[in-house]
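> Here's a structure for you.
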Amino acid sequence: MHPLFALMDAHSSHHGHIIEISGDLPDAGRKICGEAPCGFSDAGSISLDSKERSTSMRKLLVAVILCVIFMTVELVGGIKANSLAILTDAAHLLSDVAAFAISLFSLWAAGWEATPRQSYGFYRIEILGALVSIQLIWLLTGIIVYQAIDRLITGSQEVDGFLMFIVAAFGLVVNIIMAVLLGHDHGHGHGHDHGHGHHGHSHGLTVSTHDLTKDEHHHHTHEHGHDTHHHNENHSKDAHHHSHEGHIHHHGQEGVTEPLLGESKDKSKKKRNINVQGAYLHVLGDSIQSVGVMIGGAVIWYKPEWKIVDLICTLFFSLIVLGTTINMLRNILEVLMESTPREIDATQLERGILEMEEVVAVHELHIWAITVGKVLLACHVKINRDADADMVLDKVVDYIRRVYNISHVTIQIER
Amino acid sequence: MTMEPIQTLNGDFGFTGNDRRFAFSRQASFQQPRTPISTDSTDLGLRKPFLSRTDSSIDIPPPGPHHHYWSGHDDKPSGSLERSNFSSFVLSVFRNIRSGHRYMKRLFFMISLNVAYSTVELLIGLFTGRVGLVSDAVHLTFGCGLLTFSLFVMGASRKKPDGDYTYGYKRLEVLSAFTNALFLLFMSFSLAVEALHAFIQDESEHKHYLNVSAVTNLFVNLIGVWFFRNYARINLAYRNAEDMNCHSVFLHVLTDSIRSAGLILASWLLSIGVENAEVLCLGLVSVAVFTLVLPLFRATGGILLQMAPPSIPTTAFSKCLRQISAREDILEVSQARFWELVPGHVVGSLSIQVKKGVDDRPILEFVHRLYHDFGVQDLTVQIDHAS
């Protein structure tokens, strides 16, 4: 998660390239995003997002092109050999292309700028695109099952086991290539981040640089020893947190960022973009089906009278394919239902806020995600009548940001 | 058949009961001489700003009585991230169906009818070896599955909010409507492919025995259209979550009946010798289904995308923001974001920066009241004091 401010360009840091200042107010930037349209994220996370998105888009584009090539090969071969099985497989690859196209579109659309009608940006399109993709998988699985039943009923004698086997094997190889391509998550994408010196943006560590005068103001307004500018190390949320004094801001960002980038690279590697994951699932499902058809084809080739094996195999492997989609479907559903993300324990968070002195009650706590990984929080906190609202606000926001790594927080303080 | 009462008009912005885009407008025009006062007064009770001068506003009053807020104290002391057991959830939903409202009962009846019909068709098709019947039965089963999901959602959406789903389960209705709309779009696409197929293929392969099944299908679906006739609009103004779900069910049965009618028409035209009848009819049906479903798809998609509520124009929002920043102790308003949980339930958040030392309570009340008049029930306002 990225806090509301980031370092745009190390070289011009002493100029006004600071995005988080709202108006002329010294410490406002920390809590309020001052950007005019104020899309959901700041420029820092936008550039990280777009990087991740462009790598994903590149992968998907290569996959689509490969798919189209294979599809035309199968189409030509099928027409030449006049085989329905090959043509059916070509149609199947067409569905793959459709799924990839949906994922590509979702990825591209998710990067659109926020508009007044879409105040949170277009990140949700990712989730909807993934939902459509999974529906497509389910639909195709249903069609495949129907076709198997159809083959059984029409008692077609032209079920050539050998041909089935060959076509399925070819399909399997194609799918494996694409699965490797989509799932291939080495540090290619992330290697760009810290390699280029000119791009001072460090995605693990983000530091704000204000003018020194503003720092001083900052320190004067807060008596408690809490840190004012937060370094958001991108490791586990309940880990240790550093508190540096204000003087650290202008000194060697490079020096501070290097050791932490390793951890951030780790974390980003695990989290695959949901659309790429959807495409990957599609390809995986196809491979599983191909294996099923291969087994069925081999059995029929060996013993042509056991035609029912085809249907049984198809049913069995279709169930497996549906099973692989369950997990992702659950994630999608949870986001679309605005439910509390799994990695955050809302009761513990509420208890943590209640434990602070001056806080009397917490109600209407809502934590939800705009897409997997981008979490927002809103709640009403009731405090003692004579408490300092600003101080409590600072503490609560800091606590949530530090421990739970949620930076888009809106807290209403009531007395 | 008794008339449906007008449901609560949350967030009503100048839509009167006569607005034809509402689901019950026809009944409304009958009912108005009889019960204009009762419905209106309940609405007024909700819409009147409940902070008048005579109120001693010690507390920001909680929003309307129809919301139930989850608090951590209500939860079981497990404190873990355990989601509720799926099977117990399903059982509770079926219990809800038995005590459900009239659309749930009608939907249940329709689904049973469909299941019975498709089973019969499947068996006949299997025994006589007619593939067309089997494929029709399978297609019907797909549709049934979707309708069952809609029914399930109608029951499930009444669950109270809990620790994991702090906004409750009403979103499920929007999701079900979206899934239905998506399926119908897929169907329109597949009908277009079928039309193409018929264009390429020889027309003599048209399966005339399917006529019987098409007629029965049409009959069954027309029953469904009659049941859900209150939702017989293309551009419906949705007032609550159930509207979307029921509208999607209506569109589902309507498109099914159009499809059956198209098949019957094609068969008849072919028998009197019209060329390319099947292509024409299937193409027409495909286009019709697409245009019918697209508005629902866009509306549900908009809600799922966290779009700003379409019922509140952007000018209204900017007017609100201007009114807030016009106050002398407010320095800046930012991060104003609004979205709809379900149609009629708007959630929002904004950040206000005020001068130092200003009492935040009157500002909070002012802002809440301002937005409440627009139908934003859940609002979280963060006030920062400038230093």
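Taken together, the values in this text are just the output of simple stated rules run on the coordinates, not laboratory data. Quantities reported herein were computed from a predicted structural model and do not represent experimental measurements. Every residue, glycine as well, gets a Cβ built from its backbone with ideal geometry; the counts of neighbours run over all protein chains shown.
> State, in angstrom, two size descriptors of the range A:86-162 derived from its alpha carbons: Rg to one decimal place and Dmax to the nearest whole number.
Here Rg and the maximum Cα pair distance are 18.5, 62 Å.
> List, in order, the whole-Hz ³J(HN,Hα) value for each residue of the range A:276-282 obtained from phi through the Karplus relation with A = 6.51, B = -1.76, C = 1.60 and θ = phi - 60°; use x for Gly and Pro.
4, 5, x, 5, 4, 4, 4
> What is the mean number of Cβ atoms from other protein chains located within 10 Å of the Cβ atom of each residue in peptide A:116-123, rounded to a whole number?
For peptide A:116-123, the averaged partner shielding equals 6.
> Subtract the Cα-Cα distance of B:LEU222 and B:VAL131 from 0.36 nm times their separation in residues, and report this length gain in nm to one decimal.
30.3 nm
> Another question, if that's okay. Quick one: net charge around A:SER103, please, counting Lys, Arg +1 and Asp, Glu -1 for every other residue with C-beta under 13 Å from its C-beta.
Overall, the nearby charge balance is +2.
> Let me ask another. Tell me, what is the FRET efficiency for A:VAL360 and B:LYS355 to the nearest 0.05, using R0 = 25 angstrom and their Cβ-Cβ distance as r?
Efficiency computed from Cβ-Cβ geometry: 0.45.
> Another question, then. Over the range B:285-387, what is the mean sequence separation of C-alpha contacts under 8 Å (at least six apart), divided by residue count, expressed as relative contact order in percent?
Relative contact order here is 24 percent.
> Which ³J(HN,Hα) values, rounded to whole Hz and listed in residue order, are derived for the range A:313-328 from phi using the Karplus coefficients 6.51, -1.76 and 1.60 in 6.51 cos²θ - 1.76 cosθ + 1.60 with θ = phi - 60°, glycine and proline given as x?
Ordered by residue, 3J(HN,Hα) equals 4, 4, 4, 4, 6, 4, 4, 4, 4, 4, x, 5, 7, 4, 4, 5 Hz.
> Related question: Taking H as built 1.01 Å from N, whose amide H comes closer than 5 Å to the amide H of A:THR410, not counting residues under 5 places away?
A:LEU377, A:ALA378, A:CYS379
> May I pose another question? Between A:LYS303 and B:LYS105, how many nm apart are label points set 7 Å from Cα along the C-beta direction?
Those two pseudo-labels are separated by 5.5 nm.
> Computed over the Cα atoms of the range A:272-415, what is the convex hull's projected area averaged over all directions, in nm²?
One quarter of the hull surface, i.e. the mean projection, equals 10.5 nm².
> Here's another thing I want to ask about it. What residues have an amide H closer than 5 Å to that of B:GLY168, excluding those fewer than 5 places away on the same chain, when H is modeled at 1.01 Å from N in the peptide plane?
Those qualifying (amide H under 5 Å, at least 5 residues apart or on another chain) are B:ASP162.
> For peptide A:331-337, what's the mean number of Cβ atoms from other chains within 10 Å of each residue's Cβ?
4
> Modelled label-to-label distance, A:ASP386 and B:GLU365, 7 Å Cα→beta-carbon offset: nm?
About 2.2 nm separates the two model spin labels.
> State to the nearest 20 debye the size of the charge dipole of the range A:325-407 about its Cα centre, where the only charges are +1 on K and R beta carbons and -1 on D and E beta carbons.
Magnitude of the dipole: close to 400 debye.
> Cα-Cα over 31 Å: which of A:LYS80/A:LYS303; A:LYS382/B:LYS170; B:LYS159/B:LYS319; B:LYS160/B:LYS355? Spell out each step's value before the answer.
Working: A:LYS80/A:LYS303 28 Å; A:LYS382/B:LYS170 28 Å; B:LYS159/B:LYS319 36 Å; B:LYS160/B:LYS355 40 Å.
Check vs 31 Å cut-off fails for B:LYS159/B:LYS319; B:LYS160/B:LYS355.
> Per residue of B:163-173, how many C-beta atoms from partner chains lie within 10 Å of its own C-beta, taken as a mean?
5
> Then there's this: Between A:ARG330 and A:PHE162, what is the label-point separation in nm under the 7 Å Cα-to-beta-carbon projection?
According to this spin-label approximation, the distance is 4.6 nm.
> Let me ask something else about it. If you take the beta carbon distance between A:GLU113 and B:ARG322 as r and set R0 to 35 Å, what does 1/(1 + (r/R0)^6) give as a FRET efficiency, to the nearest 0.05?
0.90
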